[in-house]
Amino acid sequence: MHRIVTPLARIALGFIIVGSRCRVGLTRRWLAPAMLLAAIVYARAATACTVSATNAALGTYSPSAVKAKVVPVTRARAGLQCSFALLNLLGGDYVRATFFSANTFKLVRDGGGGSIGYKASADEAGAYAAVQGSTVDYTQNNLLNLLGLLGSSNADLPIFIKPDDAVFPPVGVYKDTITIAWSWNICTGIGLLGACVGTPDKSIGTSVIDVTLTVTPVAAVITTSSATTWDPVNKAINPRDLPGSRRALSVTFRNPDIAPFDSPFVDVIVGTPGGTVIALDGDGTSQAAAITYADGSPASSLAVRYINPSDLGDDVDFSADGGASWSYVPVAGDLASQGAVTNVRIRARGTMAAGSSFLVRIPYLVR
């Protein structure tokens, strides 16, 4: 009867009956991989995740930006760092976050008087939403890969927050606190056929996120410039600033906000510069109208209509009392009536687009 000896049996026999030289060789051959595996399991048998407190500063934005829902999404730390270098997606690994908001996902104004609803999620697109008492598993549906964290040796899990409430909030500081109850089970050894070879890190923890948004108005930016356009001697060719010359005052109005102005019109009021008289008969060039309007880039989406000072239905008004009233009607080319004008009001109609500008040009006569 023949005796069949399997490779494992040969190993066992080798330790018992084989000579010393062979015994040493077989021991090194088969023990080395086993020792290496044990070293790997031991080296990775460490805590996979750590919890810490964090904050989410959403920035400073205008009431108009909040109302228009254009405040950008903020990526903040969710308060859990984990090693996903050898994440066993086919096994029992998970990282679960259960979300709780002190104000049910509303930012509440310090001192009261206002609140702003917001959305929180585990991804930027908001597909994995965080709602009161809900649980999101960061290992589900390739979420870690979507976040660019799969394979990371020290991944800092994110939370994405975006104001999402079409209200025009009062100026102030708005706050909320998000508490995340974490539970995780991560194999810190080797995942083999859905099982963990090593010691899994299975634990719980809690992180707290302080969320803050500051709301403050964004003021328009107004700049002016002037240029001599005509004089009695040189006419329109290289004109000089002489008595009787004409000067064009350009006023640029810009909306620096990320949202449109929350108003159906924009008023630009210009006072008459010292030593001049408004010249409603033009600046000495071939301008068709004395007062002109030009859109900037990007376009403002506004419109201004002006033909002459006697048109009471247009968008340009005049004052002879420092802006207290706007019913004065000067006569174009009449020095006395033009000299009584103290202010000009240009009312640009429409909703001024975000980041846009326009320019108004008004001619004056140098005394």
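Overview of results
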quantity: Residues of segment 355-367 that turn out to be assigned to a loop (DSSP other than H, G, I, E, B) and over 24 Å from P256 (Cα atoms), as a count; calculated: 1
quantity: Residue match in segment 320-327 (condition: open to solvent by less than 60 Å² (accessible area, probe 1.4 Å) and under 20 Å from T224 (Cα atoms)); calculated: yes
quantity: Residue that is farthest from S115 (Cα to Cα), among those in segment 200-218 that are at pLDDT 95 or above and either out of contact with any strand residue (DSSP E or B) (no Cβ under 9 Å at 6 or more places or on another chain) or open to solvent by less than 40 Å² (accessible area, probe 1.4 Å) (or both); calculated: G205
quantity: Residue match in segment 239-248 (condition: at pLDDT below 95 and not in a loop (DSSP other than H, G, I, E, B)); calculated: no
quantity: Residue within segment 99-106 that is among the hydrophobic types (A, V, I, L, M, F, W, C), modelled with pLDDT of 95 or more and at positive phi present; calculated: yes
quantity: Of all residues making up segment 112-148, the number that are open to solvent by 40 Å² or more (accessible area, probe 1.4 Å) and in contact (Cβ under 8 Å) with a residue 60 or more places away in the chain; calculated: 0
quantity: Restricting segment 219-246 to residues that are aliphatic (A, V, I, L, M) and under 43 Å from the mean Cα position of the chain (by Cα), the residue that is most open to solvent (accessible area, probe 1.4 Å); calculated: I222
quantity: Answer residue from segment 328-354, given it is outside any helix (DSSP H, G or I) and either among the basic types (K, R) or open to solvent by 60 Å² or more (accessible area, probe 1.4 Å) (or both) and is modelled with the lowest pLDDT among those; calculated: T351
quantity: Enumeration of residues in segment 157-178 that are closer than 17 Å to Y128 by Cα and either among the acidic types (D, E) or over 22 Å from the mean Cα position of the chain (by Cα) (or both); calculated: D164
quantity: Residue match in segment 282-305 (condition: under 19 Å from V221 (Cα atoms) and open to solvent by less than 20 Å² (accessible area, probe 1.4 Å)); calculated: yes
quantity: Residue match in segment 224-235 (condition: touching a Lys or Arg at 6+ places or on another chain (Cβ under 9 Å), assigned to a loop (DSSP other than H, G, I, E, B) and modelled with pLDDT of 95 or more); calculated: yes
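The values are calculated or read from the model by the stated rules, or taken from the named source; none is laboratory data. All values reported here derive from a predicted model rather than from experimental measurement. With ideal geometry, Cβ positions are generated from the backbone for all residues, glycine too; neighbour counts draw on all protein chains shown. Accessible surface areas use protein heavy atoms only, side chains included; no ligands, DNA or RNA. Shrake-Rupley method; radii C 1.70, N 1.55, O 1.52, S 1.80 Å.
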